[in-house]
Amino acid sequence: VMARGLYIHDVNGEDVREDGNLVTDEGLTHLLAVALGASNKIAQCYLALYSGAINPAAGWNAANFAATANEIVSGTEGYSEGTRRLFQPGAAAANTIDNTASKAAFTIVTASSLTVQGAALVSDSGKGSTSGVLMSATRFSTPRVLQNTDIYNVGYRVVLTSA
């Protein structure tokens, strides 16, 4: 089985971009443990933003993501919401699940501008948390430079195919 992910993001509903991602080893192991093993399903996942100019690696996990990627956690030079944004997917169909009908919205707060290099899907809601499971991460092909009061919308899609 091949797991592929895609982050679909826009600013204020415009300039839609798509970036492929890396499904982490931790994420793949969790998928197997839930689908074929005896592990419990994660109740909810959340989208996080990061500012580090770094490509995701298979060994990234929830314990090292925030520090390694420089997760954006500030409410004054970041986004106003108090937690990572909820990933609300629709029903799985045709080997796909996504939240494109209900993208996660980040309200940007900054004195000048905020550069977002990438995003991640993680199971803990706390900004900067080292708990949970890091399912995937991406470094955008072109960084997003956001302004104060921008609404930055992030969608995520996972597709499983037979390899």
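When averaged across all projection directions, what area in nm² does the alpha-carbon convex hull of the chain cover?
Mean orientational projected area (the chain, Cα hull): 9.0 nm².
Which one of T68, V16, S39 is farthest out on the positive end of the charge dipole of the range 1-127, using unit charges on Cβ (Lys, Arg +1; Asp, Glu -1) and the Cα centre as origin?
The one lying farthest along the dipole's positive direction is S39.
So for the range 1-84, what are the equivalent ellipsoid semi-axes in whole Å, largest first, each being the square root of 5 times an eigenvalue of the Cα gyration tensor?
Computed over the range 1-84, the values are 25, 16, 14 Å.
Heavy-atom accessible area per residue, the chain, 1.4 Å probe: how many Å²?
Numbers: 7670 Å² over 163 residues.
In whole numbers, the chain has 47 Å² accessible per residue.
Compare G82, G37, G27 in a GNM of the chain, Cα atoms joined below 10 Å, and give the one with the largest fluctuation.
Checking each option, the largest mean-square fluctuation is seen for G37.
Pick from S39, S74, S141 the residue whose mean-square fluctuation is largest in a GNM of the chain, springs joining Cα atoms under 10 Å.
With Cα springs under 10 Å in the chain, the top fluctuation among S39, S74, S141 is at S39.
Choose one answer from V116, V133, V34: the residue with the largest mean-square fluctuation in a GNM of the chain with alpha-carbon springs under 10 Å.
The residue that fluctuates most here is V34.
Once you charge only the Cβ atoms, +1 for Lys and Arg and -1 for Asp and Glu, what is the size of the charge dipole of the range 23-163 about its Cα centre, to the nearest 20 debye?
Details: 8 positive and 8 negative charges, 37 e Å.
Its charge dipole is roughly 180 debye.
Can you work out the base-10 log of I(q)/I(0) for the range 57-114 at q = 0.24, 0.30 1/Å, using the Debye formula on its C-alpha atoms alone?
-1.01, -1.08
The values are calculated or read from the model by the stated rules, or taken from the named source; none is laboratory data. Everything quoted here is computed from the prediction, not taken from an experiment. In this analysis, Cβ positions are derived from the backbone assuming ideal geometry, glycine residues included, and neighbour counts consider all displayed protein chains. These accessible areas exclude ligands, DNA and RNA; they are computed on the full protein's heavy atoms, side chains included. Shrake-Rupley method; radii C 1.70, N 1.55, O 1.52, S 1.80 Å.
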